[in-house]
Protein chains: 2
Amino acid sequence: MQLKKYTDYGLRILMYLGAKEGAQTTDKEQGQLTRIRDICDTFDLSVNHVNKVVHHLGRLNLIETRRGKNGGFLLAKAPGEIRLDFVIRQLEGDEPWIECHNPYCVALPACELNGIVARGKELFYDYLAQFTLNDLLKKQGQLLQIFSTAS
Amino acid sequence: MQLKKYTDYGLRILMYLGAKEGAQTTDKEQGQLTRIRDICDTFDLSVNHVNKVVHHLGRLNLIETRRGKNGGFLLAKAPGEIRLDFVIRQLEGDEPWIECHNPYCVALPACELNGIVARGKELFYDYLAQFTLNDLLKKQGQLLQIFSTAS
DNA sequence: ATTAAAGATGCATTATGGATGTAGGTTATG
DNA sequence: CATAACCTACATCCATAATGCATCTTTAAT
Ligand code: SF4
Ligand code: SF4
């Protein structure tokens, strides 16, 4: 019962982008795009794994990815538009938390448990739905400092 | 992100005991104790795995186990006293749902995410705390029938 | 055009931990 | 003492997450 690192990595990437982009002055020099390598250097992660998460975030339209030289990626929406429940549900996959088929459980027709757990799961996500990427950027300054020094 | 089968097995065992004991007339013939084999026959599970769960439930004082010939186990409390949050927390282990150390995450000092997820987790368990084993026995008759035929 | 730098993609491999198996020990009944 | 039950400590298997590797495609700079 634990979130996958995959999911957390996705959130780290979003936090990284949010902190960085929020700090950029509004002049035309938007700075370089963030690259997979930047994330890996900062958090000391596997390039291949982050690769897949970035790709996934791109397919979810949470970030915009650009191929080719000087490519990279950036947030595709305002941080306030990125809800945590959506991110976690998508990256984690939202299978039921309790598996009654495969193999089939004989108690299923008379079981109250699966419903209770399923509703509890929804409460968890409902709570997450109150937060957006913005809420993860409360300490943006400190994040920026960490990210810049942890290269 | 899924409960362990181990945890579900524990709940099945409790449901089995609850359904069976609730049906017993109050005369002295309490019937035989339930044995690990009975559980395995009913749910088609591994004896070894159920063995461990039963032992665990015993250590938690949710069931009383008796060794030796004619041994077995039975509920140690009334079904209404067995709260689901307790059972699941204990069987599942209540580690944090997101692991920030091991390996250490540089964002930790400025991260808001772990707290949010931790509070969501508590909401999940708070919800489960509203229910007891009794709530899983709503369809006791049907459960009994299933358990008796599924030998 | 050429080259280099970036993500995209598919497959292989490793690591982790849950699930299961084996063997024997301990306890209680009769 | 023999048997039937749970107890305990391992060992092994297996599913899947995590990671690695190779290659392709796209794009920008030169
Ligand atoms: S006991 Fe209930 S929740 Fe558990 S597997 Fe069977 S049907 Fe599903
Ligand atoms: S990003 Fe936040 S939640 Fe995720 S590991 Fe780092 S500190 Fe923990």
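Of A:Leu60, B:Leu143, B:Leu108, the sequence from fewest to most neighbouring Cβ atoms within 10 angstrom is B:Leu108, A:Leu60, B:Leu143.
Provide the FRET efficiency to the nearest 0.05 for the B:Leu33-B:Leu60 pair, computing r from the beta carbons and using R0 = 22 Å. Using R0 = 22 Å, I get an efficiency of 0.75.
Restricting to DSSP H runs of at least four residues, report the calculated mean residue ellipticity at 222 nm for chain A, -39500 (n - 2.57) per run over all residues, nearest 500 deg cm²/dmol.
Value at 222 nm, helices only: -15500 deg cm²/dmol.
Counting only trypsin sites (Lys or Arg not before Pro) that DSSP places in a loop and that have at most 10 other Cβ atoms within 10 Å, the longest clean stretch of chain A runs over A:70-151.
Excluding same-chain neighbours fewer than eight residues apart, the lysines reachable from B:Lys77 by a Cα-Cα span under 30 Å are A:Lys121, B:Lys4, B:Lys5, B:Lys20, B:Lys28, B:Lys52, B:Lys69, B:Lys121, B:Lys138, B:Lys139. Distances, shortest first, from the label point of B:Ala118 to those at the same position in the other copies read 3.2 nm; the point lies 7 Å along Cα to C-beta. Inter-chain neighbour count for A:115-128: the average number of beta-carbon atoms from partner chains within 10 Å of each residue's beta-carbon is 5. Copy-to-copy label distances for B:Thr65, where each label lies 7 Å from Cα along Cα-to-Cβ, are 5.0 nm in order of increasing length. The calculated FRET efficiency for the pair B:Asp41 and B:Arg119, based on their C-beta separation and a Förster distance of 41 Å, comes to about 0.45.
Is the C-alpha gyration tensor of the stretch B:1-147 telling us rounded, prolate or oblate? Criteria: a/c under 1.5 is rounded; beyond that, a/b larger than b/c is prolate, otherwise oblate. Prolate, because a/c is 1.5 or more and a/b exceeds b/c. With R₀ fixed at 45 Å, the C-beta to C-beta distance from B:Glu92 to B:Thr149 puts the FRET efficiency at about 0.90. In nanometres and ascending order, the distances from the B:Asn51 label point to those of the other copies are 4.5 (point 7 Å from Cα along Cα→Cβ). When only Cα pairs below 8 angstrom with a gap of at least 6 residues are kept, chain B shows a relative contact order of 32 percent. Sorted ascending by nearby beta carbons within 10 Å, beginning with the fewest, B:Cys111, A:Cys40 become A:Cys40, B:Cys111. With contacts taken as Cα pairs under 8 Å at a separation of at least 6 residues, the stretch A:44-131 carries a relative contact order of 26 percent. Ordering A:Phe43, A:Phe86, B:Phe147 by the number of other Cβ atoms within 10 Å of each residue's own Cβ, fewest first, gives A:Phe86, A:Phe43, B:Phe147. The GluC sites (Glu not before Pro) of the stretch A:9-78 that meet both conditions, a loop assignment by DSSP and at most 12 other Cβ atoms within 10 Å of the site Cβ, are A:Glu29.
Throughout, read-outs are computed from the coordinates displayed, never taken from laboratory work. From a predicted model like this one, the values you see are computed outputs, not experimental measurements. Cβ sites come from the backbone with ideal geometry, for glycine too, and all protein chains shown count toward neighbours.
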